[in-house]
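Below you'll find the structure, written out as C-alpha cells, and then a few comments.
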Amino acid sequence: MERRSYGTAVSVPLTMDEAEPIVRNALANQGFGVLTEIDVAATLKAKLDIDRAGYKILGACNPNLAAQALDHDEDIGLLLPCNVIMIDKGGSTLVMAVDPGAMLAASSAEGLGPLAEEAAVRLDKALGHIVAKAAE
C-alpha cells in the first residue's frame, strides 16, 4: 500500500472490469456499501467529448460509522461518503481509498478522530483484501 496526499493506493494486475467486483466485495466485507457511482470517463466523453482512460468514483459508506458521525455533527455529511477511486492504467488498475483523517483535517469537527481512524483501518483492510484477491 502506498500512502498519498489524500488517501491510500494499491495497484492490481487486473482490468477495471475485473477489479470492480473485488473492490465492491472488499468494501462490503468491511461494512461499506456503495451509495454512489460516478463514471468520470463516460461523463467527460458525454459532456465534453474528452477521451480518457477509465476512471470511476465509488462513494462508500459504513452505515454504523456514518450514523455515529452524524449524531456527533450533522455538518459531517458534507464529507460523506468515503470515496474510493479506480483508475485504468492499461492492463492494471489503481485503486485508492480516501483517508478519512485527511478529510477531517479540513474541518473544525472535534471528537470525530476515533471514527475517522476506524474508517481508515477498515478501508486499509479492504485494500489489502483487494491485493490478496487479485494475486489469486
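All of the numbers you see were taken from the coordinates with simple rules; none came from a lab. These numbers were taken from a predicted model, which means no experiment stands behind them. Ideal geometry is used to build each Cβ from the backbone, glycine not excepted, and the neighbour counts take in all protein chains shown.
General observations
- Sorting the segments 54-61, 29-36 by their mean number of nearby beta carbons within 10 angstrom, highest to lowest, gives 54-61, 29-36.
- Here is the list for segment 62-128: GluC sites (Glu not before Pro) lying in DSSP coil, each with at most 11 other C-beta atoms within 10 angstrom of its C-beta, are E110.
- Modelled label positions at R52 and S92, each set 7 Å beyond Cα in the direction of Cβ, lie 2.1 nm from each other.
- Averaging the sequence gap over all C-alpha pairs within less than 8 Å and six or more residues apart, then dividing by the number of residues, gives the chain a relative contact order of 34 percent.
- Sum of side-chain charges, A126 neighbourhood, beta-carbon under 11 Å (Lys, Arg +1; Asp, Glu -1): +3
- Gyration tensor (alpha-carbon) shape descriptor, segment 1-97, a/c threshold 1.5: prolate
- Angle in degrees between helix 16-29 and the longest Cα principal axis of the chain, rounded to the nearest 10: 20
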